[in-house]
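In what follows, a structure is listed as structure tokens, so that the remarks can point back to it.
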Amino acid sequence: MMTAFASCAQLTSAWRRSGASTTPVGVWWAGVSSTAPADEVSRLKQQPGKDLVLFGGADIASTFMRLGLIDEYRLFVHPVALGGGTPLFPATDERVKLTLVEARTFDAAVVHLRYQKANETR
């Protein structure tokens, strides 16, 4: 059985990368942008290639959520109880309805859950 880390490393090794930072960074990584997230995502969508992936913490995820830039959520659940910490999803005025499209277990412990935005018909 493949570990979650090995699976993720294998999947991402060939990807073209771009980063975002609110603090100045050195030139060691030319793909780092301080552009507004919506503008940067729009620019990246104009380029050839497939899907965009956001790896990051709660702050950048909440920014992308608030701007409506996330179509699919992929969560890796690790069986650790911490008793505190930063919420993954921020408090919002709008509810985001999700549909589970895939669930996969790694190492009999880590679970990968893939959700897509639900089609809303009112």
What's the number of the only condition in (1) within 11 Å of the chain's Cα centre (by Cα); (2) modelled with pLDDT of 80 or more; (3) not hydroxyl-bearing (S, T, Y) that L54 fails to meet? (2)
Restricting the range 96-113 to residues that are part of a loop (DSSP other than H, G, I, E, B) and closer than 22 Å to D71 by Cα, the one modelled with the lowest pLDDT turns out to be V96
Of all the residues that make up the range 71-90, how many are hydrophobic (A, V, I, L, M, F, W, C), over 13 Å from A61 (Cβ atoms) and not in a strand (DSSP E or B)? 3
Only one of (1) assigned to a loop (DSSP other than H, G, I, E, B); (2) farther than 23 Å from S42 by Cα; (3) in contact with a helix residue (DSSP H, G or I) (Cβ under 9 Å, 6 or more places away or on another chain) is not met by D93, so which one is it? (3)
Being surrounded by 10 or more Cβ atoms within 10 Å (Cβ to Cβ) and among the hydrophobic types (A, V, I, L, M, F, W, C) is the filter here; which residues of the range 77-92 pass it? V77, L88, F89
Exactly one of (1) of a type in the set (D, E, K, R); (2) at pLDDT 75 or above; (3) in a loop (DSSP other than H, G, I, E, B) is unmet by E40. Its number? (3)
Return yes when R74 is over 16 Å from P37 (Cβ atoms), among the basic types (K, R) and surrounded by 10 or more Cβ atoms within 10 Å (Cβ to Cβ) and no when it is not. yes
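In the range 77-96, how many are without any contact (Cβ under 8 Å) to a residue 12 or more places away in the chain and farther than 20 Å from P37 by Cα?
Total meeting the criteria: 8.
Determine whether the range 100-115 contains at least one residue that is among the aromatic types (F, W, Y) and within 25 Å of D39 (Cβ to Cβ).
No, that holds for no residue.
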Residues of the range 100-117 that turn out to be more than 22 Å from I60 (Cα to Cα), surrounded by 10 or more Cβ atoms within 10 Å (Cβ to Cβ) and not charged (D, E, K, R), as a count: 8
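The values are calculated or read from the model by the stated rules, or taken from the named source; none is laboratory data. Source: prediction; values computed, not measured. Note: ideal-geometry Cβ built from the backbone for every residue, glycine included; neighbour counts use all protein chains shown.
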